[in-house]
Amino acid sequence: MTEKIVLYLGGGVMAGVFGAGIVTRLQDENFYNRVKAIDASSAGVCNASYFLARDTRLGSSIYWENLINGFINQLKVWPAIRKRL
């Protein structure tokens, strides 16, 4: 008998990015029959939704598209560093 698991997908930016990679791999491995339940918060909810829709590649692309297109405003980096020092 195959053991069932509860999948927890956490929230937060980097946890969301990491979780997107995890669910993409789980989808590639067709892991669905092993999952008993999914518990998620924040960004993990989005990842869980894409996992259940079997469209994790689209879901994970949202992170990298937003991270490389204007995520860091270079004009504000040095003033923000000075403010924290």
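For the reader, a short list of remarks on this structure follows.
- Taking the stretch 20-58 as the range and being open to solvent by less than 40 Å² (accessible area, probe 1.4 Å) and among the β-branched types (Val, Ile, Thr) as the test, the residues that pass are 23, 24, 35, 56.
- Filter pass, residue 63 being at pLDDT 85 or above, outside any loop (DSSP other than H, G, I, E, B) and hydroxyl-bearing (Ser, Thr, Tyr): no
- Residue in the stretch 2-14 that is out of contact with any Ser or Thr (no Cβ under 6 Å at 6 or more places or on another chain), open to solvent by 80 Å² or more (accessible area, probe 1.4 Å), of a type outside the set (Asp, Glu) and part of a helix (DSSP H, G or I) present: yes
- Cβ pairs under 8 Å, 6+ apart, first in the stretch 1-28 and closer than 17 Å to residue 62 by Cα, second part of a strand (DSSP E or B) and open to solvent by 40 Å² or more (accessible area, probe 1.4 Å): 9/38; 9/39
The values are calculated or read from the model by the stated rules, or taken from the named source; none is laboratory data. These figures come from a predicted structure and were not determined experimentally. Glycine gets a Cβ as well: all are built from the backbone with ideal geometry, and neighbour counts include every protein chain shown. Ligands, DNA and RNA are excluded from the accessible area calculation, which covers all protein heavy atoms including side chains. Shrake-Rupley method; radii C 1.70, N 1.55, O 1.52, S 1.80 Å.
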